[in-house]
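To start, the structure itself, in C-alpha cells.
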Amino acid sequence: MSKFISCSASYKEAKIVLFGAPFDGTATFRSGSRFAPAQIRTDSYALEDYSPYFDKEIKECSIYDALDLELPFGNTKKVLNQIGRFAKKIIKDNKKPLMIGGEHLITLPVVEELFKEYKDLCIIHFDAHTDLRKEYLGEKLSHSTVMYKCWELLGDNKIFQFGIRSGTKQEFLWANEGHTFLNKFNFDNLDKIKEIIGNRPVYFTLDLDVLDPSVLPGTGTPEPAGVTFKELIEALKTINGLNIVGADVVELCPHYDLSGISTAAACKAIRETLCIL
C-alpha cells in the first residue's frame, strides 16, 4: 500500500501520525467508507505537496503514515478498542493523531484517549448531521450517536458543531438546551468560537458530507445544501492557530463517485488539515 504523499518521516522523528481506520460497520444508508483510506493514499499522488492556502509544504510537517489498522469485521466494540489502543500509543509518544476513516463512529475512541490526557478537551465538528442521537435502532454505538457519546464524556459547552443541516427535531432541541453549540448550515460564528476556546486543547473532526453533494457526492449519506470547498478552506484558515491535538477526516465512500472528484476533494482536505496540526 502506498503512503499518503510526502508523509515520509520515520515514526520516531514524526510530530504527526496519520493512520487509516477502514471501518463502516454501523453505516445506516450506504456503506463503503472502509475503502476510503486506501483510495485516498493512491489518489494523493495527484496532489502537490505544497498548500498555497497555508504557504506550507506538508513534508515540512514531519508526518509518519502508519497505513491502515487491520480491523475485524462484525465486532464494533473490538474495532473501537483497537483504534483506541493505537491512538493511546501515539498520544503517549507525544505525537498528534490524524485518522482517516471510515465512518464517523471511529472518532469516539480517539477522543476517549485524548480526554485522559486533556480534561478540558473541546471538539470542533464539521458535518451535515447532528450525530446526537442517544441510540439508532437500539444501538448506542453508531455513526449517528458519536457526538452524543463524546458529549457523555466531555460534558456541556465542549462540542462546537458547524454546517449542520440534518437531524431529528429532538437532536436540535437537545443541542439548543445548551449541551452543544450547534451552528446550522454554515461556518458563521466560527471566529467567536475560536475566542471562546482560547488555548484549550481541540480535537477537530471533519465529516466530508459537510460539503455539498455537488462538490463531494461520494459519501454514505449525501445531504443537499452543503458548503463549498472554498468555504471549507476558509473555515480551516479560521481555526488555524488553535491548540489542535488531533483530528480525523471521515465518511468518504469513493465507489459512489467513479469520476474520482470526491476522493480528490478528500485528499486536499486532508492535506490542508495536516497544515493546521
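The values are calculated or read from the model by the stated rules, or taken from the named source; none is laboratory data. These figures come from a predicted structure and were not determined experimentally. All Cβ positions, even for glycine, are placed from backbone atoms using ideal geometry, and neighbour counts span all protein chains on display.
Tally up the residues in region 1-60 that are within 17 Å of P97 (Cα to Cα), surrounded by fewer than 17 Cβ atoms within 10 Å (Cβ to Cβ), charged (D, E, K, R) and at pLDDT 95 or above, please. Count: 4.
Filtering region 220-229 for residues that are surrounded by fewer than 21 Cβ atoms within 10 Å (Cβ to Cβ) and under 19 Å from D55 (Cα atoms) leaves a non-empty set.
Checking each residue in region 250-276 for being of a type outside the set (S, T, Y) and either touching a Pro at 6+ places or on another chain (Cβ under 7 Å) or closer than 19 Å to K59 by Cβ (or both) picks out D257, C267, K268, A269, I270, R271, E272, L274, C275, I276. For region 171-189, residues that are surrounded by 17 or more Cβ atoms within 10 Å (Cβ to Cβ) and over 18 Å from the mean Cα position of the chain (by Cα) total 4.
Does region 250-266 contain at least one residue that is touching a Phe, Trp or Tyr at 6+ places or on another chain (Cβ under 7 Å), in a loop (DSSP other than H, G, I, E, B) and not small (G, A, S)? Checking region 250-266: not a single residue is touching a Phe, Trp or Tyr at 6+ places or on another chain (Cβ under 7 Å), in a loop (DSSP other than H, G, I, E, B) and not small (G, A, S). Within region 29-52, residues that are in contact (Cβ under 8 Å) with a residue 24 or more places away in the chain and within 19 Å of I63 (Cα to Cα) have Cβ atoms under 8 Å from residues that are in a loop (DSSP other than H, G, I, E, B) and among the charged types (D, E, K, R) in these pairs: R41/K3, counting only partners at least 6 apart in sequence or on another chain.
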